[in-house]
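Here the structure is laid out as structure tokens; the discussion comes afterwards.
The values are calculated or read from the model by the stated rules, or taken from the named source; none is laboratory data. Quantities reported herein were computed from a predicted structural model and do not represent experimental measurements. Note that we place each Cβ from the backbone using ideal geometry, even for glycine, and neighbour counts take in every protein chain shown.
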Amino acid sequence: MTLHVAGVWRYPVKTLAGERVSTAVIGPDGIHADRLVQVRGPEGVRTARRHYRLLGLRGTLGPDDRPRISGHRWDSPDALALVKAAGGDDAWLEEAHRTERFGY
């Protein structure tokens with residue numbers, strides 16, 4: 001069987017739109033810098049299934065190797081304001097722990 005990879009995407013901020021990458025380092029925890037930050041709410045991880053406007057924001061990895069949200073550092077007031085506007089006033093951003101990076 002021959003496999004062909006058509007594209008690789010990384011999602012530095014879980015729930016937001018991601019970024020296509022031309023190369024990726026893959027280790028035991030998956031793609032490097034994937035799902036480093038989560039959008040959360042009182043219910044836990046906030047997903048685009050219920051808050052679809054979050055997909056209008058793009059999560060990327062900045063030149064400092066830290067996640068960005070539509071160009072803003074993930075831990076900036078501007079990034080939080082964008083997330084709250086798209087995902088609700090009770091949304092916040094949190095670094096994901098290794099064990100919960102892929103949890104729902």
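Just to be sure, is H51 buried (at least 16 other Cβ atoms within 10 Å of the Cβ), without any contact (Cβ under 8 Å) to a residue 12 or more places away in the chain and not aromatic (F, W, Y)? So H51 does not fit the description; no. Within the range 43-100, being farther than 16 Å from E19 by Cα and among the polar types (S, T, N, Q) holds for T47, S76, T99.
You will find that of T23, T60, the residue that is touching a residue at least 24 places away in the same chain (Cβ under 8 Å) and β-branched (V, I, T) is T60 and no other. For beta carbons closer than 7 Å, sequence separation of 6+ or different chains, a first residue in the range 72-98 that is without any contact (Cβ under 8 Å) to a residue 40 or more places away in the chain and surrounded by 14 or more Cβ atoms within 10 Å (Cβ to Cβ) and a second that is part of a helix (DSSP H, G or I) and of a type in the set (D, E), the qualifying pairs are H72/D78. Looking at the structure I just gave you, is L16 within 17 Å of G59 (Cα to Cα), touching a residue at least 12 places away in the same chain (Cβ under 8 Å) and touching a Gly at 6+ places or on another chain (Cβ under 8 Å)? Considered against the rule, which asks whether it is within 17 Å of G59 (Cα to Cα), touching a residue at least 12 places away in the same chain (Cβ under 8 Å) and touching a Gly at 6+ places or on another chain (Cβ under 8 Å), L16 comes out as yes. Residue count for the range 1-34 satisfying the condition of being in a loop (DSSP other than H, G, I, E, B) and either at pLDDT below 95 or farther than 21 Å from A85 by Cα (or both): 17.
Confirm whether P77 is within 13 Å of the chain's Cα centre (by Cα) and not aromatic (F, W, Y). So P77 fails the test. Evaluation of Q38 against the conditions (1) part of a loop (DSSP other than H, G, I, E, B); (2) touching a residue at least 12 places away in the same chain (Cβ under 8 Å) shows that the sole unmet condition is (1).
It is to be established whether one or more residues within the range 43-60 are in contact with a Phe, Trp or Tyr (Cβ under 8 Å, 6 or more places away or on another chain), of a type outside the set (D, E, K, R) and not in a strand (DSSP E or B). Within the range 43-60, one or more residues are in contact with a Phe, Trp or Tyr (Cβ under 8 Å, 6 or more places away or on another chain), of a type outside the set (D, E, K, R) and not in a strand (DSSP E or B).
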